[in-house]
Amino acid sequence: MSESNLGIYLIIAFMAMAISMAIIPLMMKYASVMGMVDQPDPRKVHAFPIPRVGGVGIVIGALAPLLIWLPFDSLILSFLIGSFVLFSFGIWDDVKELDHYVKFVGQFVAAGVVVYYGDLYVSHFPFLGLEILPEWIGRPFTVIAMVGMMNAINHSDGLDGLAGGESLLSFAAITYLAFLYDSSVIVIIAAASIGGVFGFLRFNSHPAQVFMGDGGSQFLGFGLAFLVLVLTQQANEVLSPALPLLLLGLPIADIIAVFILRARAGVNLFKATRNHIHHRLLDLGFHHYEAVMVIYSVQILFIICAIQMPYGHDWVIISIYLSVCSAVFILLTYAERKGWKVNHSHDFSGGFISRLPHKDILIKIPNKMLEAGVALFLIGAALMSNTVPFDIGISSLVLLILLLFVALTGWMGAIVFRLVVFVTVGFSVYLLSTNPPEWLLIESHIIYLYFGLLTVLAFLSARLMVREQFQITPLDYLVIMMALVIGFVHDSGFGSEDLVWMVIQIIILFYACELTIQNMEKRLNSLMGSAVVALSLIALRGLV
């Protein structure tokens, strides 16, 4: 697959992320007016009302790029129609708290559209070899399986960052495999979904400011089910038909185990209870963020296995999946019966900075340096890149006009500003990575040194400005693990060194921009000024 395609996929991902991150704060402002607020109850783990509007950002962020880059055949239309149906029912549920049987209507309609209009269904089944599953069995089975996946993600949405992080990992694995088999449709949908989820996780990491609600969780389950079907049933029919177990991972086993426990207890299978894996980890004494990271780790194990053995024998893949799931539930059950509890004996409170003279000035220095570092990169990339494509020039001109309007009027303030800055970062990284000047290729250590320094400044700024107590959050853990997986994938021959380095740069710069935006004191600031200059230069060079 060409370098130009790699660039497009990255643009799609950070476009979706930027849209998601711009929409969610706006929706949070009006959540109470719309009645989209999740109230605490004994089964839930949050103690205060939380807006459940994150799904709006995820869905719009993920679908908007698809309207630009995807062809509208029956398969794509079935996905878009199904997504709209689920989104509508999900929003309805987030406002009115629908009965689960009403939600099933939307889920079955969405799945049915994909299966019967999009003509996507399971025909290759584990242990059948080359024999094709009869259509009269395959189509109904696919509808039920898709509905099951929607509910699996919906039910896993019980801790901050959990459902979004699990889905993100699955999307990443699907992206990798689809890239290998040159399936651009899958990569585009998965990349857009990754961007939408990443934008949401910015607000959903513990302690969460927003929940995704049914509007988001059902869409993620639907998207994952759709993509694994296209991957294994159309894009590469030689892949093991058992591979979806590893790609979709722990949510499937969790919901099956919960149904079994509810059936044994004689309660309604669809009645919400506190016997999911995440609830059981909390009851064992794990902190909220620790429980999330434990589950992330199991999900990461599954996707690494999927990447390593896409053509594995069905019985091997199923054995691995059942073995890991069995180990998880056996350890949980053993710990519960023994009354084992996690011992938290460390106190991380306090901070040395508060005891230093002139602490206010010392605290601001890393953030000011970080702000200057981001400005330097944006303007430097706009100046130094050898060429600027016409489409990026046009896009930059539109963003420039929007940013100037925001600067003059204050319209939607930080929301639009954040959107424009993040897209500008993506353009800058792409231009400097794909069209660097000759001297930078020779003196490449300069750019490595720059990003190393920027990472240190971001760490110090997060520690001193955002909170004096610094600990790795589930989102930080997820980013670190994905960076490691990217390195692993690169060693396995995926993509190119440029792609890996572009992803790392984007991650570092997004963190740096977000920290800078959080600590801005005025609407007119150096970050806005540097974005205006960078967009002006990119637009001028792309259009002239």
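Of the residues making up the stretch 233-257, just one is among the polar types (S, T, N, Q) and either under 19 Å from L168 (Cβ atoms) or touching a helix residue (DSSP H, G or I) at 6+ places or on another chain (Cβ under 6 Å) (or both), namely S240.
Got at least one residue in the stretch 126-143 being in a loop (DSSP other than H, G, I, E, B) and in contact with a helix residue (DSSP H, G or I) (Cβ under 7 Å, 6 or more places away or on another chain)? So far as the stretch 126-143 goes, yes, one or more of its residues are in a loop (DSSP other than H, G, I, E, B) and in contact with a helix residue (DSSP H, G or I) (Cβ under 7 Å, 6 or more places away or on another chain). For the stretch 188-202, the criterion of a residue being more than 29 Å from M36 (Cα to Cα) and touching a residue at least 40 places away in the same chain (Cβ under 8 Å) is satisfied by at least one position. Scanning the stretch 189-216 for residues that are of a type in the set (S, T, Y) and closer than 16 Å to F84 by Cβ yields a single hit, S193.
So which of I295, I318 ends up being over 17 Å from D160 (Cα atoms) and either outside the structural domain of L130 (by TED's automatic domain parsing) or crowded, with 17+ Cβ neighbours inside 10 Å (or both)? Please lay out each step first, then the result.
Numbers: I295 fails: over 17 Å from D160 (Cα atoms).
Testing whether each residue is over 17 Å from D160 (Cα atoms) and either outside the structural domain of L130 (by TED's automatic domain parsing) or crowded, with 17+ Cβ neighbours inside 10 Å (or both) leaves just I318.
Do you know which of the residues in the stretch 177-209 that are among the hydroxyl-bearing types (S, T, Y) and in contact with a Ser or Thr (Cβ under 9 Å, 6 or more places away or on another chain) is modelled with the highest pLDDT?
Taking the stretch 177-209 first, the residues among the hydroxyl-bearing types (S, T, Y) are 181, 183-184, 193, 205.
Those left that are additionally in contact with a Ser or Thr (Cβ under 9 Å, 6 or more places away or on another chain): 193, 205.
Numbers: S193: 96, S205: 76.
By that ranking, first place goes to S193.
Can L159 be described as buried (at least 21 other Cβ atoms within 10 Å of the Cβ) and in a helix (DSSP H, G or I)? In short, no. Report whether or not R43 is modelled with pLDDT under 85 and over 18 Å from L419 (Cβ atoms). So R43 passes the test.
Quick grid of which residues meet (1) surrounded by fewer than 17 Cβ atoms within 10 Å (Cβ to Cβ); (2) over 18 Å from F510 (Cα atoms):
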| site | (1), (2) |
| --- | --- |
| A375 | no, no |
| G380 | no, no |
| M384 | yes, yes |
| D391 | yes, yes |
| S395 | no, yes |
| L400 | no, yes |
| L404 | yes, yes |
| V423 | no, no |
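Could you go through the stretch 266-277 and let me know if any residue there is buried (at least 22 other Cβ atoms within 10 Å of the Cβ) and not polar (S, T, N, Q). Yes: the stretch 266-277 contains one or more residues that are buried (at least 22 other Cβ atoms within 10 Å of the Cβ) and not polar (S, T, N, Q).
The values are calculated or read from the model by the stated rules, or taken from the named source; none is laboratory data. The shown structure was predicted, so the numbers you read here are calculated from the model rather than taken from an experiment. Note that each Cβ is placed from the backbone with ideal geometry, even for glycine, and that neighbours are counted across all protein chains shown.
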